[in-house]
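What follows draws every value from the coordinates through simple rules; no lab data is involved. Everything quoted here is computed from the prediction, not taken from an experiment. All Cβ positions, even for glycine, are placed from backbone atoms using ideal geometry, and neighbour counts span all protein chains on display.
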Amino acid sequence: MRIPYEYAVIQAVPRIERGELINVGVILYCQRRDFLSARTELREDRLLALDPKADVPAIKAALSSWDATCGGKGAAGDVSLGERFRWLVAPRSTILRAGPVHMGLAADPSQELDRLVKILVKTD
């Protein structure tokens, strides 16, 4: 049985003023399965093509915070999965942001997250 889920693409925008971005991950929330997870993959060569001075270690650290927030680490442990998802996908003007939220149907949210990362983030 397929159940509804919500997802957004995680984007890196190394120079906000230029508006250029690359997809660096996907965050997926499925209320019915109590599932919230982000999978990320930073292609440094693509990031540096947009901004040769990008702080790659800082961006990697910020990406790991998406996983930590999904997992309820720190202050995120006090809020529901849905609240964590809404907080992470809220519009912001930072180097890392979420694109628009989309809906889908899947039998297994984890497998669907893998599929979305493969088609939306990976280039090979």
- request: Treating the angle as unsigned and between 0 and 90°, give the value, to the nearest 10°, between the Cα long axis of helix 109-120 and the longest Cα principal axis of the chain.
  value: 30
query: What residue among 49, 38, 68 shows peak mean-square fluctuation when the chain is described by a Gaussian network model with Cα springs under 10 Å?
result: 49
task: Rounded to whole Hz and in sequence order, give me ³J(HN,Hα) for region 78-95 from the Karplus expression 6.51 cos²θ - 1.76 cosθ + 1.60, θ = phi - 60°, writing x for Gly and Pro.
output: 8, 10, 5, 4, x, 5, 4, 4, 4, 5, 5, 8, 4, x, 7, 10, 9, 5
- prompt: Relative to the first principal axis of the alpha-carbon coordinates of the chain, what is the inclination of helix 56-70, with its axis defined by its Cα atoms, in degrees from 0 to 90 and to the nearest 10?
  reply: 10
Dipole of region 3-120, positive direction: furthest Cα of 76, 120, 13, with charges on the beta-carbon: 13
- line: In region 66-124, the trypsin sites (Lys or Arg not before Pro) that sit in a DSSP loop and have at most 12 other Cβ atoms within 10 Å of their own Cβ are 73, 92, 122
query: Hey, got a sec? Which GluC sites (Glu not before Pro) in region 1-90 land in a DSSP loop and have at most 12 other Cβ atoms within 10 Å?
result: 17
query: Rounded, prolate or oblate: which fits region 11-56, taking a ≥ b ≥ c as square roots of the Cα gyration tensor eigenvalues, rounded meaning a/c under 1.5, else prolate when a/b beats b/c?
result: prolate
query: If amide H atoms are built 1.01 Å from N in the plane of the peptide, which residues on other chains or at least 5 residues away come under 5 Å of the amide H of residue 20?
result: 15
statement: Here, residue 101 and residue 86, labelled 7 Å along Cα→Cβ, have an inter-label distance in nm of 0.7
message: Using the crude model of +1 on Lys and Arg Cβ and -1 on Asp and Glu Cβ, and no other charge, please compute the dipole size for the chain relative to its Cα centre, in debye to 20.
response: 140
task: Report, in deg cm²/dmol and to the nearest 500, the calculated mean residue ellipticity at 222 nm for the chain, where each DSSP H run with n ≥ 4 adds -39500 (n - 2.57) and the sum is divided by the residue count.
output: -10500 deg cm²/dmol
query: What lysines could a cross-link reach from residue 73, if we take a straight Cα to Cα line under 30 Å and drop same-chain neighbours fewer than 8 places away?
result: 60, 118, 122
